[in-house]
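See structure below.
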């Protein structure tokens, strides 16, 4: 796989990385749990139904994936994730890796911190030359540590909205189609195109043939 996307939660890959999700992408979901329906908080979506949502999204966008069933959402431990990420990186050996922004969300902060260790220059680790951070709606709407984006990828907005709808248990007002369009249009305006997703480059090493 050419691209590795690290997703703290199931749906983060669509919210932040739809523009790079294709047959050359591999998504690693750091954990999974039951989910409440926003329209009916008393009704819980079992894990197996959430896995079915992932299957639909992966089939629609064309990427491969792995779910870590051993770690619990909202209870991530950095030390446990470091080894898992190191092993994944050494196995896949991607050219690009995409990390979640380390904003207010506790799971995103833990995953980002663990990835920083897993990506350190070390003779036992595969060295990924292109490391980027992706943004999501909550990063833009409320973040005490602003993500200063400096990389933009054109986005097929209709493809993103359809993929997000396949994560049916996760769709809610904060990440409604209208909200996704607003951010995508803003990032597009910054680059003279209709829609885009934005990233921050943490490391970019060019290779000479």
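The values are calculated or read from the model by the stated rules, or taken from the named source; none is laboratory data. What you see is a predicted model, and the numbers here were worked out from it, not measured in a lab. Cβ: placed from backbone, ideal geometry, glycine included. Neighbour counts: every protein chain shown.
Under the condition of being free of Cβ contacts under 8 Å to residues at least 40 places away in the same chain and on the phi < 0 side of the Ramachandran plot, which residue from region 85-94 is surrounded by the most Cβ atoms within 10 Å (Cβ to Cβ)? Spell out the reasoning first.
Filtering region 85-94 down to residues free of Cβ contacts under 8 Å to residues at least 40 places away in the same chain leaves 86-87, 90-91, 93.
With on the phi < 0 side of the Ramachandran plot added as a condition, the list becomes 86-87, 90-91.
On the way: 86: 20, 87: 11, 90: 12, 91: 13.
For region 85-94, the residue satisfying everything is 86.
Quick grid of which residues meet (1) assigned to a strand (DSSP E or B); (2) touching a helix residue (DSSP H, G or I) at 6+ places or on another chain (Cβ under 6 Å); (3) over 29 Å from residue 148 (Cβ atoms); (4) at pLDDT below 95:
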{"residue": "23", "(1), (2), (3), (4)": "no, no, yes, no"}
{"residue": "28", "(1), (2), (3), (4)": "yes, yes, no, no"}
{"residue": "55", "(1), (2), (3), (4)": "no, no, yes, no"}
{"residue": "66", "(1), (2), (3), (4)": "yes, no, yes, no"}
{"residue": "94", "(1), (2), (3), (4)": "no, no, no, no"}
{"residue": "99", "(1), (2), (3), (4)": "yes, yes, no, no"}
So residue 78, is it under 16 Å from the mean Cα position of the chain (by Cα) and surrounded by 15 or more Cβ atoms within 10 Å (Cβ to Cβ): no
Pick from region 138-168, criterion modelled with pLDDT under 85 and in a helix (DSSP H, G or I), ranking: surrounded by the fewest Cβ atoms within 10 Å (Cβ to Cβ): 141
